[in-house]
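Student: Got a structure here, written out as structure tokens. Questions coming.
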Amino acid sequence: MDRKSSEVLWSEFVDPPDSARPRAWWHWMDGNVHLEGIRADLRWLHSVGVRGVQAFDGALANPLVVEEAVIPGSEQWREAIAIAVATAHDLGLDFTVATSAGWSASGAPWVEKADAMRKLVWSQTVVEGGELTQLNKLPNVAGPYQDIPTWGVEPREGSGDVKDLVALAIPFHGTHDALEPALVRSSSPM
């Protein structure tokens, strides 16, 4: 590498071009969106070297800190997006919006219940052979996934929209041993 190219490399390392600077996820939580807050956020992000954002609407049961919640798809939301686009453009920031509200495009007011993300639950019914039996009902729960806390939201009953996906029958024979794993690991306490 010649001296000139190493100087260019060093210069671009110390002061990278916009194309090499970071982009950030920008979460609009629980409708807490304020027009001046949008401008302030984007100006600050630009000042610390961020060169693009992707706006996400999300919810974690945070308290409302603005006068009125801004709901995705509403007229207020469209105005907020327009302000964000204009401000980002003025600052030279890349600006994108997640495809829908919620996490991983899993829900929004316009998503029908039948098409929404679901929690997989199960029930077990032990039966004796040769008899007609009724399977136990599926649990109707909307609580946290595994033991992940929901930040102050109490577990609640589900929507009642519980349905069978599959019924699986496994014959049992007393000589079969239960399978016990030698080791179980988890990223959270079990």
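Student: Condition first: surrounded by 14 or more Cβ atoms within 10 Å (Cβ to Cβ) and closer than 30 Å to ILE71 by Cβ. Can you find one or more residues in segment 8-22 that meet it?
Tutor: no
Student: Let me ask something else. Quickly run through segment 79-125 and pick out the residues that are within 24 Å of LEU35 (Cβ to Cβ), modelled with pLDDT under 75 and touching a strand residue (DSSP E or B) at 6+ places or on another chain (Cβ under 9 Å).
Tutor: SER100, ALA101, GLY102, ALA108
Student: Hey, can you tell me all the residues within segment 50-98 that are hydroxyl-bearing (Ser, Thr, Tyr) and buried (at least 19 other Cβ atoms within 10 Å of the Cβ)?
Tutor: Correct list: THR87 only.
Each row is one residue, and each column tells you yes or no for (1) without any contact (Cβ under 8 Å) to a residue 12 or more places away in the chain; (2) assigned to a helix (DSSP H, G or I).
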position	(1), (2)
LEU45	no, yes
PHE56	no, no
ALA61	no, no
GLY73	no, no
ALA82	yes, yes
HIS89	yes, yes
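The values are calculated or read from the model by the stated rules, or taken from the named source; none is laboratory data. This is a predicted model, so every value here is computed, not measured. Backbone-built Cβ (ideal geometry, glycine too); neighbour counts: all protein chains shown.
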